[in-house]
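What follows is a short report on a single structure.
The values are calculated or read from the model by the stated rules, or taken from the named source; none is laboratory data. Everything numeric here is computed off the predicted structure, so don't read it as measured data. Reconstructed Cβ throughout: ideal geometry from the backbone, glycine too, with neighbour counts over all protein chains shown. All accessible areas refer to the heavy atoms of the entire protein, side chains included, with ligands and DNA or RNA removed. Shrake-Rupley method; radii C 1.70, N 1.55, O 1.52, S 1.80 Å.
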Amino acid sequence: EAQVTQNPRYLITVTGKKLTVTCSQNMNHEYMSWYRQDPGLGLRQIYYSMNVEVTDKGDVPEGYKVSRKEKRNFPLILESPSPNQTSLYFCASSSLPGQEDEAFFGQGTRLTVV
Amino acid sequence: RKEVEQDPGPFNVPEGATVAFNCTYSNSASQSFFWYRQDCRKEPKLLMSVYSSGNEDGRFTAQLNRASQYISLLIRDSKLSDSATYLCVVGGGLSTSGTYKYIFGTGTRLKVLA
């Protein structure tokens, strides 16, 4: 079954404690991205990657890092989380433009930073 | 000006009504267009892709107007189960670093009333 898997689904952490949210896809997609969703602001792109070792900033990259060492994995790293990073996070993957580039989403990670 | 703009709604319509959403985009180089549906606290899921020739899937019709840079979604004979947030997604405009971007609208909330 084609899927994007995020972990954890729910996380409560304290300010400053480094955390990683994992994302893995089994569709051999080149393109992967991270979004955060906040009330009234919709989905905002944090980082995206067009292929292994190719990453780029989205609209709200501050406070986040990513890596793409393997095609299937695209972890999101918060080196020093702050309360304003409390949000619902989604990972997505798709093929490249010009192909069937429907984006598949993970089920989301609800992060609370206290 | 936002790169992708949608009316946030909410649109409250009676069952059986026809409702239309519009979405405008600013990047004329955009290549791909989609409507996604998102239920509360769930991940977005593809509703339909949008092509220049327009496309129809049952009660749903999507149109693309490249000259005016907008896409539309028409829902006929609304059902209670259509209640959700509808996200407009535009892809293919290159970022300043030359990589491919997906941009999401903030979504339009639809509530179908019995």
message: Looking at the stretch A:31-74 only, could you name the residues that are of a type in the set (Lys, Arg) and open to solvent by less than 10 Å² (accessible area, probe 1.4 Å)?
response: A:68
message: What's the total number of residues in the stretch B:10-26 that are in a loop (DSSP other than H, G, I, E, B), of a type in the set (Gly, Ala, Ser) and more than 19 Å from residue B:103 (Cα to Cα)?
response: 2
task: Check off (1) surrounded by fewer than 13 Cβ atoms within 10 Å (Cβ to Cβ); (2) closer than 29 Å to residue B:113 by Cα; (3) not aliphatic (A, V, I, L, M) for residue B:36 and give me the number that stays unchecked.
output: (1)
- request: Could you tell me which of the residues A:88, A:78, A:96 is away from every other protein chain (no Cβ under 14 Å) and either surrounded by 14 or more Cβ atoms within 10 Å (Cβ to Cβ) or at pLDDT below 95 (or both)?
  value: A:78
task: Mind listing whichever residues of the stretch B:27-52 are polar (S, T, N, Q) and assigned to a loop (DSSP other than H, G, I, E, B)?
output: B:27, B:28, B:30, B:31, B:52
query: Would you call residue A:88 part of a strand (DSSP E or B) and closer than 23 Å to residue B:105 by Cβ?
result: yes
query: Give me the pairs: first residue in the stretch B:40-51 and open to solvent by 100 Å² or more (accessible area, probe 1.4 Å), second residue part of a loop (DSSP other than H, G, I, E, B), beta-carbon distance under 9 Å, and six or more apart or on different chains, which are they?
result: B:41/A:108; B:42/A:107; B:42/A:108; B:45/B:39
query: How about the stretch B:9-28: which of its residues are closer than 20 Å to residue B:90 by Cα and open to solvent by 80 Å² or more (accessible area, probe 1.4 Å)?
result: B:22, B:28
